[in-house]
Amino acid sequence: VRRIAAGAAMNDVKLRFALRPGKTSAQPVVAIESLGAGFAGGTITGRDITFDPTRAVNRAVIRVENIDIEKLLDVAQVKGLSGTGIISGALPVVLRNGGVAIDKGALTATGPGTLHFKSDAAKKALASGGKYVTLALEALEDFRYRKLSIEINKALAGEGTVLVRVEGHNPAVQDGQPFAINLNVSGNVDRLGAILGRLMLLPEEVVRSIVPKK
């Protein structure tokens, strides 16, 4: 499949699968040997996934490789947060009754980059946090990280959360003093969930198109 639009575009989608007997001939189990797509400058892939349309819950681990952080944050729509760099990792996905959850997705930057967080709301909310919190927020406005990791969680319903852990500095704050900062922000992780769910449900859609209706 050349292109799928599901909140953001996936390109060159490839799928290799086999059908196994299910509870009925009209609902076979789909054994996915491999699936993959180009996404946000990198790739998302999955291997050895069993999808049973009669099960209430289906699970898979989707690998993320060499994704552009700026494009990923744009998809997640985290207010006030942008950055540069390349990130890879794994996103455990749960499909339940048409809903999509992400259970502690873990992504890590493969090298240094920049992070920019500018939020008046965060400054007001954390105004009583003391000098260190104020300095940390100032540093994040133009942060040069050497380490960065992102944890993504999304329940079946409601907004998801994005926990960003960074180590680095801002040359303009405290003479480049190093900081280690944990930043917990909310965003529209539903968009990311929709992309992963669309990819996982693709085999079922293929099966529906080729299995005769009874």
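Tabulated data
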| read-out | value |
| --- | --- |
| Nearest-10 value in Å² for the accessible area of LYS104, using the 1.4 Å probe | 130 |
| Zero-based 10 Å bins, Cα pair distances in segment 25-78, whole percents | 22, 37, 28, 13, 1 |
| Solvent-accessible area per residue for segment 134-187 (1.4 angstrom probe, square angstrom) | 49 |
| Value of Rg/Rh across segment 1-92 [Cα atoms, Kirkwood radius] | 1.06 |
| Mean Cα-pair separation over length for segment 59-183, i.e. relative contact order, pairs under 8 Å, 6 or more apart, % | 20 |
| Å² per residue, accessible surface of segment 46-110 at 1.4 Å | 47 |
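The values are calculated or read from the model by the stated rules, or taken from the named source; none is laboratory data. If you're wondering where the values come from, they're calculated on a predicted model, not measured in any experiment. With ligands, DNA and RNA removed, areas are computed over all heavy atoms of the protein, side chains included. Shrake-Rupley method; radii C 1.70, N 1.55, O 1.52, S 1.80 Å.
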